[in-house]
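Written below as C-alpha cells is the structure these notes are about.
The values are calculated or read from the model by the stated rules, or taken from the named source; none is laboratory data. Because the structure is a prediction, the values reported are computed rather than measured. Cβ atoms come from the backbone with ideal geometry, glycine included; neighbour counts cover every protein chain shown. Accessible surface areas use protein heavy atoms only, side chains included; no ligands, DNA or RNA. Shrake-Rupley method; radii C 1.70, N 1.55, O 1.52, S 1.80 Å.
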Amino acid sequence: MEEPLCCCEYIDRSGEKNHLVACCCDCEDLDEGCERWLTCRSLPPGTLERIADTILDRFRIPWLKGAIKINITLLPPLVLLPVFLHVAALHFLLALVILTSLPVVVLWYYYLTHRRKGRTLFFLSLGLFSLGYMYYVFLWEVVPRGHVGYIQVVILTCGLILMLVALSQAKRDPGYLASQMSNDKSPCQGSNGLPNRKVLGSSNGLHGAAVSGIASCHAKNDDAKGYSRMLAEGLDRAKEDWCTKCQLIRPPRAGHCRLCGICVRRLDHHCVWINSCVGERNHRAFILALSLFLLTSVYGITLTLDTICRGQNMFIALFYCPGTYADYSSALSFTCVWYCAIVTAGMGYILLIQLLNISYNVTEREARLALREDAGRRLLGGIVVDTGKCTGSPGYNWGQFLTLGSPTPRCSAEDIV
C-alpha cells in the first residue's frame, strides 16, 4: 500500500513522487539550456517546450492530500490589473494610455488563444478578479466619504451575489451529448442509444444509426419504393448531422465545440468569460448573469460618480470631473469607474446581440454558419443574421427560449470546422 502524500509532495508528469523543495532540482533541460546560453550555442529543437512543461508541472501550492497544480493563466490578472489601475491613477495621460491599451491586449490574447484552439482560465480570472477588486475599491475608497448609504451598499452587494449565483449556474452542464464508446474514456462517453463505436466506425456507424432511426417507419410502410426513398433521405440527414469526432448523430441545432471537444445541445457559442459552452441548459442562466452584471455595474458607477463628482450629471461627470486627480483616492476611484464603463459597454454589446438573436430564434453558431455559406442576410445594420430556417414572432421565439426542451423547428446542425 502506497504511503499518502504530505502537503508538499505530488506526483509529477513522469509518474514519480516529487517534493516542492526540489522544484529547482533535476531539470536537465534547464541546465543544458543555461550551459548552451553561456557558451553562445543554439538550443536543440523542443528544449524550450520541455522546460516550459517542467515549470508548469512544478508550479504548485501545498494542499491537504498533496500539492496541487496551479494553472498559470490564472495569475496575470491578479498581478497586472491592480498595478495598471494604480499607475493609471497617477496622471490623466497615463490613464488614457492604459485604459486604451487594456482592451487591445485582451482582444489580442483572445484571438491568439482562439486561433490555437486552446482553453484558458485567463478571462474567467480577469472577470472574477475585476469584480472583487472593484468592490474592494468601492468599499475602501468611496463608501468612507459618507455619501453612500447603508441601504445602497446592501443593494449593490446583493446584486453582486445574485450575479455570482447566476454565473455559477451558467458554468454548469450546457447540454453535453454523450455517446456509447466503451473502452474509450473521452468527454463524449455515456449513453444515448447509439451503436457502439466498434460497430459504428466512420461510415458503417453512420449507415447503421440512420437505418435504426427509420426502422420504425418501415414497419408501417410496406411499399418498397417508399422505404427506399425514406432510407435515402435518412442517410442524407444523418450525413448532415453526423459528428465524426463524437461518433453520434446530433439532434437539431446541436453542434460540436472544438475547444471542449464535445457536442452540445443547441450550441450557441463557447464563452471564454465562463470558460464553458453556452447551450440549451445554461443559456438562460448566461443571459441572467449578463443582465445582473449590467444592472449592478451601472448602479456602482452611478454611486461612485455621485460621490467623487458631487452635483454633476452622471454622463457629464464620466467625461468631465474637475479636481479628480487632485488626490490619489479620487483618481483611483475615477480610473476604476472608467475601467468598469469599458467592461460594461463590452458586456452590454454581447447582451444586446444575445437578446436580438433570441428574438429572431437564431444562435451565434447558426449565424456564423449562415454567413460562411452565404445563406443568411444581415438585419438591423448587420447586428442580426436571419438564417431563414428558424423564424417566428419575437414573442413565440422568447417563449421557446424560456421553455427550452419543448419541440422546436428543425434547423441544420452542421459542424464548424
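Observations on the structure shown:
- Under a model in which nothing but the beta-carbon of Lys, Arg (+1) and Asp, Glu (-1) is charged, the stretch 242-380 shows a dipole of about 720 debye around its Cα centre.
- Note: relative contact order over the stretch 276-400, using C-alpha pairs below 8 Å and six or more positions apart, is 20 percent.
- For Phe315, solvent-accessible area (1.4 Å; no DNA, RNA or ligand), Å²: 140
- Computed accessible area, His114, all protein chains, 1.4 angstrom probe, square angstrom: 70
- Placing unit charges on the Cβ atoms only, positive for Lys and Arg and negative for Asp and Glu, gives the stretch 10-129 a dipole magnitude near 540 debye about its Cα centre.
- Reducing the stretch 267-316 and the stretch 326-372 to their Cα centroids gives an inter-centroid distance of 8 Å.
- Solvent-accessible area of Ile11 with every protein chain in place, 1.4 Å probe, in Å² to the nearest 10: 80
- Centroid-to-centroid separation of the stretch 239-258 and the stretch 49-111 [C-alpha atoms, Å]: 36
- Carbon and sulfur %, accessible surface of the stretch 282-336 computed with the full protein complex present, 1.4 Å: 70
- Overall, the accessible surface of the stretch 81-179 at a probe of 1.4 angstrom is composed of carbon and sulfur to the extent of 73 percent.
- Ellipsoid equivalent to the stretch 1-112 - semi-axes via the Cα gyration tensor, in Å: 36, 23, 13
- Residue-normalised accessible area of the stretch 1-82, expressed per residue, 1.4 Å probe, Å²: 74
- Neighbour-limited loop hits for trypsin sites (Lys or Arg not before Pro), the stretch 1-87 (at most 14 other Cβ within 10 Å; DSSP other than H, G, I, E, B): Arg13, Arg41, Lys65
- Gain in span if fully extended, Val153 to Val83, counting 0.36 nm per residue against the direct Cα distance: 22.6 nm
- Modelled label positions at Asn313 and Leu74, each set 7 Å beyond Cα in the direction of Cβ, lie 4.6 nm from each other.
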